[in-house]
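Enquirer: Mind looking over this structure? Questions follow.
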Amino acid sequence: FSITFMNLFGAFPLEIKIMLKKLIIAILIIALSLFFLLNLESAISVILGALCVILGIIFSVPIAYRKKDNNASKIVVDALKAEIVKIIIVVILLWLVFKFYAELVPLALIFGLAIAAIFSGLALSKNR
């Protein structure tokens, strides 16, 4: 019963799989560093901030990467739909984190959110 990370997202494009793997590793390193430098709450807040973006990406990728007929307007519409889905998911998850996690460190949450957003932007802007 061994499931590798790459098999979890089998239908995802390769650049998304690579980006998610690097992002998760980076966030875990940052969270571990914050745990030792500050406290557990800061580490959890960073992870939760990044998790909001990661889940937004996971739910929006199937919309953005639908089969296309080389129709420019369909490509743009799908990209916009995916972005709207991602934004809605991120906002809902952030609201849930602020509502239910009492020990939240807001600056660490925003830092995790920013790191995840930067990573995802870099991965999607790279030409392979």
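Enquirer: Only one of ILE75, ILE25, ILE63, ILE58 is exposed (fewer than 14 other Cβ atoms within 10 Å of the Cβ) and without any contact (Cβ under 8 Å) to a residue 60 or more places away in the chain. Can you tell me which?
Expert: Unique residue meeting the criteria: ILE25.
Enquirer: Looking at the stretch 86-128, which of its residues are open to solvent by 40 Å² or more (accessible area, probe 1.4 Å), modelled with pLDDT of 90 or more and under 17 Å from ILE25 (Cα atoms)?
Expert: Passing the criteria: PHE111, LEU113, ALA114.
Enquirer: Right, next: Please go through the stretch 52-74 and give me each residue that is out of contact with any Asp or Glu (no Cβ under 9 Å at 6 or more places or on another chain) and over 29 Å from PRO106 (Cα atoms), ordered by number.
Expert: Taking the stretch 52-74 and keeping what is out of contact with any Asp or Glu (no Cβ under 9 Å at 6 or more places or on another chain), we get 52-59, 61-62, 67, 69-74.
Listed by number, the residues that qualify are PRO62, LYS67, ASP69, ASN70, ASN71, ALA72, SER73, LYS74.
The values are calculated or read from the model by the stated rules, or taken from the named source; none is laboratory data. Just so we're clear, the structure is a prediction, and the values are computed from it rather than from any experiment. Every residue, glycine as well, gets a Cβ built from its backbone with ideal geometry; the counts of neighbours run over all protein chains shown. Quick note on the areas: whole protein, heavy atoms, side chains included, nothing else; ligands and nucleic acids left out. Shrake-Rupley method; radii C 1.70, N 1.55, O 1.52, S 1.80 Å.
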